[in-house]
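The values are calculated or read from the model by the stated rules, or taken from the named source; none is laboratory data. On a predicted model such as this, the values are computed, not experimentally measured, just so you know. As a convention, Cβ positions derive from the backbone with ideal geometry for all residues, glycine included, and neighbour counts pool all protein chains shown.
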């Protein structure tokens, strides 16, 4: 009888733990993106500013998405090149150059986005925006992930 009660208790704890873990989400996941997060953190945004910032973020996402997809393909090709039976370092170097160019384009788009958002803000709002920590400006970007056997390094 004690065994059955113990098993029931452990099962109840496991179910409760799973349910609470599934309910925990970051603050921005429910809110719908970086634009809404910025609206909450920057004081006294007008409706026009909110709409403009949302449009800026959306436009940047439209431009960045194909580049991120391309970068993912380039990373996959890099893995193929680096794990081949006969590795050609010249091809690896060329692939690194392609990946760097794609990453640079993404960074340029994001820098333009930041400056476009800044241009919509008043001086007081700009100070708040500029002093936000980088992870607060981009709260939904996944950092790291599960590291590989070498701690995430190749």
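Of the residues 44, 59, 93, 72, which single one is loosely packed, with under 15 Cβ neighbours inside 10 Å, in contact with a helix residue (DSSP H, G or I) (Cβ under 9 Å, 6 or more places away or on another chain) and at pLDDT 95 or above?
Only one candidate passes the filter, namely 59.
Restricting attention to region 67-89, which residues are part of a helix (DSSP H, G or I) and either in contact (Cβ under 8 Å) with a residue 24 or more places away in the chain or farther than 29 Å from residue 109 by Cα (or both)?
Hits for region 67-89 are 67, 68, 70, 71, 74, 75, 82, 89.
Does region 111-127 hold any residues that are touching a helix residue (DSSP H, G or I) at 6+ places or on another chain (Cβ under 7 Å), part of a helix (DSSP H, G or I) and surrounded by 14 or more Cβ atoms within 10 Å (Cβ to Cβ), and which are they?
113, 116, 117, 126
Return only the number of the condition from (1) touching a helix residue (DSSP H, G or I) at 6+ places or on another chain (Cβ under 7 Å); (2) closer than 30 Å to residue 44 by Cβ that residue 98 does not satisfy.
All conditions are met except number (2).
Against the definition (surrounded by 15 or more Cβ atoms within 10 Å (Cβ to Cβ) and assigned to a helix (DSSP H, G or I)), how does residue 52 come out, yes or no?
It is true that residue 52 is surrounded by 15 or more Cβ atoms within 10 Å (Cβ to Cβ) and assigned to a helix (DSSP H, G or I).
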